[in-house]
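Written out below as structure tokens is the structure these notes cover.
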Amino acid sequence: GQQLNQSPQSMFIQEGEDVSMNCTSSSIFNTWLWYKQDPGEGPVLLIALYKAGELTSNGRLTAQFGITRKDSFLNISASIPSDVGIYFCAGTSGNTPLVFGKGTRLSVIA
Amino acid sequence: GAVVSQHPSRVICKSGTSVKIECRSLDFQATTMFWYRQFPKQSLMLMATSNEGSKATYEQGVEKDKFLINHASLTLSTLTVTSAHPEDSSFYICSARDGARGVGYTFGSGTRLTVV
């Protein structure tokens, strides 16, 4: 099935550093979502974006819905060990199923 | 917030047997349920979409006779893996959406299926 281009694929960072990851699509979406998945668990929604240009924060997380509606980024500031996990972007248009990125595996070194 | 309960979380079954996985929306009506499959270190791949009271729509390459989906009520959907084989071993995750209220895309905690 269709997938989004998500990068980077993996990141190793020091605790306290900021993190940035992004997704691009060849299609226009009207909703972008960012999820975090821990091993053996389902994805948990971090941030939902519904309008082009929208910038939304959730604690240390900030995400933006690109103006072109074909991209989105997620920033994590001042990373901590519990930020470790796999982050997925997902997009949808209307009632269509979510299309997922391949994920960014984040490792935080204390 | 919206909660989706999925169980069992883990199941081991013998080859040739069938396994049923349940997914319930606890505090909203799931007009649409999505079933995903995830292999190790890979992303989620959509298997099928089901709307309450309707037949499920399967993605290309997914055998509808092997992966039976039932969405008989607004709070419950089930996925039955029939005549399971070792290659069906995977992580199965459901997602529920309330289209009427725009409550969207809440995921269950997943089911790890191992077929031996």
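The values are calculated or read from the model by the stated rules, or taken from the named source; none is laboratory data. Only a predicted model underlies this, so the values are computations on that prediction, with no experimental measurement involved. Ideal geometry is used to build each Cβ from the backbone, glycine not excepted, and the neighbour counts take in all protein chains shown. Side chains are part of the model used for accessible areas, which takes the heavy atoms of the whole protein and leaves out ligands, DNA and RNA. Shrake-Rupley method; radii C 1.70, N 1.55, O 1.52, S 1.80 Å.
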Exercise for the section: Kindly indicate whether any position in region B:26-40 is farther than 22 Å from A:Pro43 by Cβ, more than 9 Å from chain A (Cβ to nearest Cβ) and out of contact with any Pro (no Cβ under 8 Å at 6 or more places or on another chain). Expected result: no
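Kindly establish whether A:Gln37 is open to solvent by less than 40 Å² (accessible area, probe 1.4 Å), in contact with a strand residue (DSSP E or B) (Cβ under 8 Å, 6 or more places away or on another chain), modelled with pLDDT of 95 or more and among the polar types (S, T, N, Q).
Details: open to solvent by less than 40 Å² (accessible area, probe 1.4 Å): yes; in contact with a strand residue (DSSP E or B) (Cβ under 8 Å, 6 or more places away or on another chain): yes; modelled with pLDDT of 95 or more: yes; among the polar types (S, T, N, Q): yes.
Judged against the criteria, A:Gln37 is a match.
Among the residues of region B:82-100, is there at least one that is of a type in the set (Lys, Arg) and open to solvent by 40 Å² or more (accessible area, probe 1.4 Å)? First the steps, then the outcome.
First, pick out the residues of region B:82-100 that are of a type in the set (Lys, Arg): B:97.
Those still in the list that are open to solvent by 40 Å² or more (accessible area, probe 1.4 Å) too: none.
Looking for residues that are of a type in the set (Lys, Arg) and open to solvent by 40 Å² or more (accessible area, probe 1.4 Å), one finds none in region B:82-100, hence no.
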Practice task
Scan region A:1-20 for residues that are hydrophobic (A, V, I, L, M, F, W, C) and under 11 Å from A:Asp71 (Cα atoms) and report the count.
Solution key: 1
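Under 11 Å from the mean Cα position of the chain (by Cα) and within 30 Å of A:Gln9 (Cβ to Cβ): which single residue out of B:Arg24, B:Arg10, B:Arg37 fits that description? Walk me through it before giving the result.
Working: B:Arg24 fails: within 30 Å of A:Gln9 (Cβ to Cβ); B:Arg10 fails: under 11 Å from the mean Cα position of the chain (by Cα).
Result: B:Arg37 is the single residue among B:Arg24, B:Arg10, B:Arg37 that is under 11 Å from the mean Cα position of the chain (by Cα) and within 30 Å of A:Gln9 (Cβ to Cβ).
Per-residue answers, yes or no, for (1) away from chain A (no Cβ under 14 Å); (2) over 17 Å from A:Asn95 (Cα atoms); (3) small (Gly, Ala, Ser):
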| position | (1), (2), (3) |
| --- | --- |
| B:Ser9 | no, yes, yes |
| B:Cys13 | yes, yes, no |
| B:Met47 | no, no, no |
| B:Thr75 | yes, yes, no |
Problem - A:Asn30 at pLDDT 95 or above and either touching a Leu at 6+ places or on another chain (Cβ under 6 Å) or more than 11 Å from every other protein chain (Cβ to nearest Cβ) (or both) - result: no
Practice task
Within region A:44-56, identify whether any single residue is touching a residue at least 24 places away in the same chain (Cβ under 8 Å) and open to solvent by 10 Å² or more (accessible area, probe 1.4 Å), and answer yes or no.
Solution key: yes
Fill in the blank from the handout: Subset of region B:49-71, residues farther than 20 Å from B:Gly99 by Cα, within 9 Å of another protein chain (Cβ to nearest Cβ) and touching a residue at least 12 places away in the same chain (Cβ under 8 Å), comes to B:Glu59
Handout entry: Residue identified as modelled with pLDDT under 95 and open to solvent by less than 20 Å² (accessible area, probe 1.4 Å) among A:Gly1, A:Gly85, A:Gly91
Key = A:Gly91
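Can you name the strands (runs of 3 or more DSSP E) wholly within region A:30-110 that have at least 1 residues being under 19 Å from B:Leu46 (Cβ atoms)?
Ranges flagged: A:31-37, A:44-49, A:85-92.
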Fill in the blank from the handout: Across (1) part of a loop (DSSP other than H, G, I, E, B); (2) modelled with pLDDT of 90 or more; (3) on the phi < 0 side of the Ramachandran plot, B:Gly61 clears everything bar (3)
